[in-house]
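Some notes on the structure that comes next.
Any read-out appearing in this document is the output of simple, stated calculations on the displayed coordinates, not a laboratory observation. Since the structure is predicted, the reported quantities are computational estimates derived from the model, not experimental observations. Because the Cβ atoms are built from the backbone with ideal geometry, glycine has one as well, and the counts that use them run over all protein chains shown.
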């Protein structure tokens, strides 16, 4: 912690300041203000509807049909038809939980020094930071392609078409007959909307056209929500601002304190909410259908804390504990969501 600052305001400098510093306590606000973390509406939403997973190998196993298992035909007056052919069409998608651990130290000296007269409990600050560090990692990992077998999967893995993640859930998306397991990986520079999204960014018409396309490819089911980087979201939002309508009630007095809404925290296109997410990479947007995609958490490691244990057996006076979380994000139907990339003209 920095020492008191001399020569500012009524505080003198030099020997006078040193004398005052020796005999006066500093004014102190007994609150710790965290400077470094970001909110994540996406993770909040997923946590609100998470599914539980238990032990065993491949803790998340979902049977998934990738092709037709029977064949139909038109028949004539005589009613004859071809004999059916047994066609295997089901494969298991299999995922393991990833485990995130945060150790928490409690040194001997800190325990003694902060036993009394403390303003800020370092232990409480660390325990709060366990939540903060964990939330930031989980939120950021949702938008990072998995390149480590110990890591969880995210949106980029779930909704890729095999370009970046050829195998997902143990199923090879690029193998013959497995195209049904591919997500929607959409290059916005292809300009299928009739509007240069890669140059100008999204507007309402281009977003509506894209959502129509992804809904059709998903079999007629629209995404539950779309998430974008705030920079890209602001560009889309700018196209909405001109449609604002504010009603003035005759006889009312309006001042600076009169609440008037300007702009929109969540945009709604074709009935689908679109919101900004700090951790979403600029230039990308993701659509998620929560009917098929969920955050799975372990029944046995759900933000569980071990409690504090003595370090005396290690030749040290002190204690430590650890928080453990087992989880993964899984989509059982990759085509139900999308990963759009090459979005241009972010607001910053």
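Please name all residue pairs, on different chains or six or more residues apart, with Cβ atoms under 8 Å, provided the first residue is in the stretch 78-100 and is free of Cβ contacts under 8 Å to residues at least 40 places away in the same chain and the second residue is surrounded by 15 or more Cβ atoms within 10 Å (Cβ to Cβ) and in a strand (DSSP E or B).
As it stands, the answer is 90/64, since those pairs meet every condition given.
Among the residues that make up the stretch 30-47, is at least one of them closer than 30 Å to residue 223 by Cβ and loosely packed, with under 10 Cβ neighbours inside 10 Å? Write out each step before concluding.
Narrowing the stretch 30-47 to residues closer than 30 Å to residue 223 by Cβ: 37-47.
Filter once more, keeping what is loosely packed, with under 10 Cβ neighbours inside 10 Å: none.
No, because not a single residue in the stretch 30-47 is closer than 30 Å to residue 223 by Cβ and loosely packed, with under 10 Cβ neighbours inside 10 Å.
Please work out if residue 202 is closer than 21 Å to residue 294 by Cα, surrounded by 16 or more Cβ atoms within 10 Å (Cβ to Cβ) and touching a residue at least 12 places away in the same chain (Cβ under 8 Å). Talk me through it step by step, then tell me what you get.
Values: closer than 21 Å to residue 294 by Cα: no; surrounded by 16 or more Cβ atoms within 10 Å (Cβ to Cβ): yes; touching a residue at least 12 places away in the same chain (Cβ under 8 Å): yes.
Against the criterion (closer than 21 Å to residue 294 by Cα, surrounded by 16 or more Cβ atoms within 10 Å (Cβ to Cβ) and touching a residue at least 12 places away in the same chain (Cβ under 8 Å)), residue 202 does not qualify.
Just to be sure before I move on: is residue 46 outside any loop (DSSP other than H, G, I, E, B) and either within 30 Å of residue 265 (Cβ to Cβ) or in contact (Cβ under 8 Å) with a residue 24 or more places away in the chain (or both) in the structure I sent? Reasoning before the result, please.
Numbers: outside any loop (DSSP other than H, G, I, E, B): yes; either within 30 Å of residue 265 (Cβ to Cβ) or in contact (Cβ under 8 Å) with a residue 24 or more places away in the chain (or both): yes.
Answer is yes for this residue.
Out of 30, 4, I need the residue that is free of Cβ contacts under 8 Å to residues at least 24 places away in the same chain, assigned to a loop (DSSP other than H, G, I, E, B) and over 30 Å from residue 266 (Cα atoms). Which one?
Details: 30 fails: free of Cβ contacts under 8 Å to residues at least 24 places away in the same chain.
Answer to the check: 4.
Scan the stretch 308-317 for residues that are farther than 15 Å from residue 111 by Cβ and touching a strand residue (DSSP E or B) at 6+ places or on another chain (Cβ under 9 Å) and report the count. Walk me through it before giving the result.
Residues of the stretch 308-317 farther than 15 Å from residue 111 by Cβ: 313-315.
Now restrict to residues that are touching a strand residue (DSSP E or B) at 6+ places or on another chain (Cβ under 9 Å): none.
Final tally of qualifying residues: 0.
Examine the stretch 207-220 for a residue that is part of a loop (DSSP other than H, G, I, E, B) and farther than 30 Å from residue 63 by Cα, and state whether such a residue exists.
Keep residues of the stretch 207-220 that are part of a loop (DSSP other than H, G, I, E, B), which gives 218-220.
Still in the list and also farther than 30 Å from residue 63 by Cα: none.
The answer is no; no qualifying residue exists.
Which members of the stretch 102-154 meet the condition of being touching a strand residue (DSSP E or B) at 6+ places or on another chain (Cβ under 7 Å), closer than 15 Å to residue 42 by Cβ and free of Cβ contacts under 8 Å to residues at least 40 places away in the same chain?
Listed by number, the list holds a single entry, 137.
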